[in-house]
1. When the dipole is taken about the Cα centre of region 336-410, and only Lys, Arg (+1) and Asp, Glu (-1) are charged at their Cβ, what size is it in debye, to the nearest 20?
2. On the Cα set of region 225-373, report Rg and Dmax in Å, please.
3. For region 1-74, build the convex hull from the C-alpha positions and give me its volume per residue in Å³.
4. Mark the label point 7 Å from the Cα of ARG133 along Cα→Cβ and return the residues of region 372-406 whose backbone N is within less than 14 Å of it.
5. Would you mind checking which residues have amide H under 5 Å from ASP286's amide H? H placed 1.01 Å from N; only 5 or more apart, or other chain.
6. Relative contact order for region 261-410: what percent, with Cα pairs under 8 Å and sequence separation of 6 or more?
7. Calculate one ³J(HN,Hα) per residue across region 293-300 by plugging θ = phi - 60° into the Karplus curve 6.51 cos²θ - 1.76 cosθ + 1.60, and present them in order as whole Hz with x for glycine and proline.
8. Past the 26 Å Cα-Cα mark, which pairs from LYS4/LYS120; LYS218/LYS282; LYS125/LYS218; LYS125/LYS226; LYS125/LYS313; LYS4/LYS326?
Amino acid sequence: MSIKVLVVDDSGFFRHRITDLLSGDSRIKVVGSAQNGKEAVEQAKNLKPDLITMDVEMPQMNGIEAVRVIMRECPTNILMLSSLTHEGAQVTLQALEAGALDYLSKDMRAWMEHSASLEKQLRDKVVELGRSRHSKLRSTFISPSNAGDGKSKSMVFRPETESKTTRPSSSARPMRQTERSRSPASMTLRDRTAASQLKAKPAQSESKKPAAYKTASKASVPSGCKIVVIGSSTGGPAALQQILTQLPANFPHPILLVQHMPKTFTSVFATRLDQQCKISVKEAEDGDRLLPGRALLAPGGHQMIIDPRGLDKIRIMPGDERLTYKPSVDVTYASAAKSYGNKVLGIILTGMGADGRDGAKMLRQQGATIWAQNEASCTIYGMPQAVVNAGLANEILDLTEFGPILSNRR
């Protein structure tokens, strides 16, 4: 079945350009368009699209307000189209907090030049987000006082547990994930013996089926943990916000964050997180120290590794054109595996693709611990699924569980 898309933009050029690009894909059907936020709300209610592409600056009702109204009255998956300016990054992050799932840069030159890479990126995002069930879960916005007494009054996105009417049938989802969405308990590998053997030999290939899982009593941070490394992509800003705002100021470990974002966005995102969290959060710079209660966010367009000359610092390296992701979870995971071995807690969150899987293999071979976000709470179950299907996850946790477990509040 085709993904039904509503295109919203006050520019006639962009409405037609987006429509033309999407109409060339048999997986997608453009069912309507709107030129302002007010029309977008009306069309969303009438057409019930699977996805809305949403502009930000529009007359009558801007994109952010339209997102808020749509998520309140007729929850729908939304892809924001944003500029790569500092102001554009701030507005886009507000839209993500309001309930939008992802964003795509609105570079006039790229859109006019009929870029093949832009066309593929737009179509792939529309298909993946259009298939996501995330907006079908009723969403609430909670103040940081309820999510960790943060320093800012910004709102934090929190997906609620699925209701029985929205939960997919057992035939559409493995039983272990259905059971996980019904219980706050974490999940773990059933065969602990087989898992421990991963320390001494390479992980199984991706083509193999994941090991069986069972409900565990409680998950906990490994006793020898020295550093936490978190990787995320699509849906990551809201997920990271959900987790980090729950950590206490005296959190005992340094944290490395790898979120797929352009440079302008990572600087703005780090500032927003720092305002909302009790821990310190900053965009990483070359030579930054690894300190307890401090999270360093990899800058967009670069790679972040642990300095091999001194394990208390990080290095920021130029983005390698041979690598798809800049920053890459694989690169930072691999560096952590080499520097800290089994003292790493790696966390893989929502996102498209498989970035993090290869790095997770290296971590597991060193005896490190990997936690993966479960399908029910992911915006896109791509990166965690790649890790789970490779048999690399020690625990599969709901998004709501990471913060309390890390903070030892369960």
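1. Taking the Cα centre of region 336-410 as origin, the dipole is about 320 debye.
2. That works out to 13.5, 39 Å for Rg and Dmax.
3. 68
4. Correct set: 374-381.
5. Under 5 Å from the amide H of ASP286: ILE316.
6. Answer for region 261-410 is 15 percent.
7. Listing the rounded values in order: x, 10, 10, 10, 9, 4, x, x Hz.
8. Distance filter (> 26 Å) returns LYS218/LYS282; LYS125/LYS218; LYS125/LYS226; LYS125/LYS313; LYS4/LYS326.
The values are calculated or read from the model by the stated rules, or taken from the named source; none is laboratory data. Note that this is a predicted model, so its numbers are computed, not measured. Using ideal geometry, Cβ is built from the backbone for each residue, glycine included, and neighbour counts are taken over all protein chains shown. Just the protein is used for accessible areas: all its heavy atoms, side chains included, with ligands, DNA and RNA removed. Shrake-Rupley method; radii C 1.70, N 1.55, O 1.52, S 1.80 Å.
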